[in-house]
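Data block below; observations after.
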Amino acid sequence: MLETAKRLLTPSKRSDVPSFMAMDVMAAAAALEDKGARIIRMEVGQPAAPAPGPALRAAQAALGGRIAYTETLGIPSLRRRIARHYAETYGLALDPARVVVTTGSSGGFILAFLSLFEPGDRVALANPGYPPYRHILSALGCEPVLIETSAATRWALSAKALIAAHRAKPIQGVVIASPANPTGTMMEADALARLIAVAEAKGIRVISDEIYHGLDYAFAAETAAKLSERVVVINSFSKYFCMTGWRVGWMVVPDNFVRPIERLQGNLAISVPALSQVAAEAAFDGRDEMEAVKHGYEENRRILVEGLPKVGLDKFLPVDGAFYLYADIRRFSDDSLDFAKRLLNEAGVAATPGMDFDPIDGKHFLRFCYAGSAAEMHEAVQRIGNWLTMAP
Ligand SMILES: Cc1ncc(COP(=O)(O)O)c(C=O)c1O
């Protein structure tokens with residue numbers, strides 16, 4: 001009887017995924033702010049700016065009417081507008097029928113993994129990498145296969161490393177991201193093309209997370225959709241478009257996957273929130289505002305790249321894109337969790353421990369998000385400097 005009652009209250013093994021530590025640091029930072037502390041928030045990867053004006057105005061206008069379910073694949077005019085974005089940005093003629101609107105890129109990952117993989121399939125990921133890739137894969141019964149990256153390949157997954165892993169034990173899929181989180185590094189277009197070609201030649205399905213496109217400073221990011229029609233591209237309105245809380249994103253999928261994904265999304269969510277879709281379509285008209293926000297990030301990047309080495313944090317990965325700086329802290333600590341906690345409590349700067357992104361070497365790294373204001377960046381450098389000279 002006792003056993004039966006216990007069974008009724010035991011969550012499934014697949015739900016036992018690790019928490020996303022950045023969200024835990026966010027909660028700790030918010031708790032300190034509640035007590036009156038002033039914290040510089042560099043832990044969660046989200047723009048400080050609101051959605052662009054045209055998006056806000058379109059949402060306000062839509063609120064006057066009926067907010068109903070939409071087509072499962074997304075409002076047709078939004079799908080067409082996204083397809084046009086590929087022509088404008090990458091010179092790619094894309095059939096809107098291949099565009100699927102999702103609940104953020106997070107919703108896109110669930111649809112991609114469900115439609116591409118069977119339980120037990122092995123999916124390669126760059127290490128360090130965005131933690132939910134591995135956690136979602138595990139929850140769906142797939143096996144994340146972490147592949148180490150190094151300076152030699154700009155901290156990106158290389159074709160050589162992928163093939164070596166595939167030879168050791170076959171791999172069915174690979175997730176690539178450029179610009180990447182947490183490193184902020186990018187792949188050159190030829191490295192991306194090589195990786196896709198090699199993967200596809202071996203029957204390895206490619207998913208390209210392009211959520212940080214638009215936020216590229218070192219060189220222009222190339223879309224994988226231009227390099228192969230078999231790749232699944234995932235993108236979002238969260239970052240460049242400053243719409244994290246609206247929970248709207250999109251996928252570009254091969255023709256064969258449109259209907260299966262429509263059936264999955266229809267069952268899982270019916271449709272993506274209508275108001276967010278209306279706002280997302282209008283957001284494309286707010287490009288000037290979004291470019292101004294991007295220029296702000298460029299200035300923040302300059303402040304950190306110049307300022308952090310002066311206060312002792314002089315080793316970090318190339319700061320190519322997104323809004324992250326991944327700093328090597330091994331001069332000061334080999335426990336990034338403890339380091340991040342002390343930095344938050346003693347210096348009032350919230351950053352995310354590398355352990356979140358890299359179970360192997362993350363103890364030596366800290367991720368700073370520079371999506372705040374320039375004044376905050378200056379203050380963060382100053383606070384970190386003062387703290388590092390005083391901290392035991
Ligand atoms: C690399 C990467 N992919 C996907 C996401 C998920 O974003 P969203 O679901 O808001 O589109 C994030 C969020 O930080 C991210 O950094």
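All of the numbers you see were taken from the coordinates with simple rules; none came from a lab. Bear in mind that the values here come from a model prediction, so they are computed numbers and not experimental data. Note: ideal-geometry Cβ built from the backbone for every residue, glycine included; neighbour counts use all protein chains shown.
Site pair Glu262 and Ala28 shows an inter-label distance of 4.8 nm when each label is modelled 7 Å from Cα along Cα→Cβ.
Here the simple spin-label model places points 7 Å from the Cα toward Cβ, and for Glu346 and Ala220 these points are separated by 4.7 nm. According to the square roots a ≥ b ≥ c of the eigenvalues of the Cα gyration tensor, what is the shape class of the stretch 34-192, taking rounded for a/c under 1.5, prolate for a/b larger than b/c otherwise, and oblate for the remainder? Because a/c hits 1.5 or more and a/b exceeds b/c, the stretch 34-192 counts as prolate. The Rg/Rh ratio for the chain is 0.97, where Rg is the radius of gyration of the alpha carbons and Rh is the Kirkwood radius.
Across the stretch 359-376, coupling constants 3J(HN,Hα) worked out from phi with the 6.51/-1.76/1.60 Karplus curve, θ = phi - 60°, read x, 8, 10, x, 5, 9, 10, 9, 9, 10, 9, 10, 8, x, 9, 4, 4, 5 Hz, and Gly and Pro carry x. When the charge dipole of the chain is built from unit charges on Cβ atoms (+1 for Lys and Arg, -1 for Asp and Glu) and taken about the Cα centre, the candidate among Phe365, Asn267, Ala37 whose Cα reaches farthest toward its positive end is Asn267. When both bridge partners sit in the chain, DSSP labels roughly 45% of those beta bridges antiparallel.
Just flag the chymotrypsin sites (Phe, Trp or Tyr not before Pro) in the stretch 349-392 sitting in loop per DSSP whose Cβ has no more than 10 other Cβ atoms within 10 Å. Don't skip to the end; give the middle numbers.
Values: sites: Phe357, Phe365, Phe368, Tyr370, Trp387; in loops: Phe357, Tyr370.
Those that pass, being in a loop and sparsely packed, number zero.
Which value, in nm² and rounded to one decimal, describes the direction-averaged projected area of the C-alpha convex hull of the stretch 264-365? Before the final figure, lay out the partial values.
Values: hull surface 40.3 nm².
Mean orientational projected area (the stretch 264-365, Cα hull): 10.1 nm².
May I ask for the Rg/Rh ratio of the stretch 1-117, computed from Cα atoms with Rh as the Kirkwood radius, given to two decimals? Don't jump to the answer; show the numbers that get you there.
Details: Rg = 21.3 Å, Rh = 19.5 Å.
Expressed as Rg/Rh, it is 1.09.
Based on the convex hull around the alpha carbon atoms, the stretch 125-210 presents an average projected area of 5.1 nm². Seen through its C-alpha gyration tensor, with square-root eigenvalues sorted a ≥ b ≥ c, the stretch 217-258 comes out oblate because a/c lies at 1.5 or above while a/b is not bigger than b/c. Shown is the FRET efficiency for Ala37 and Glu298, computed with R0 = 30 Å from the Cβ-Cβ distance and rounded to the nearest 0.05: 0.55.
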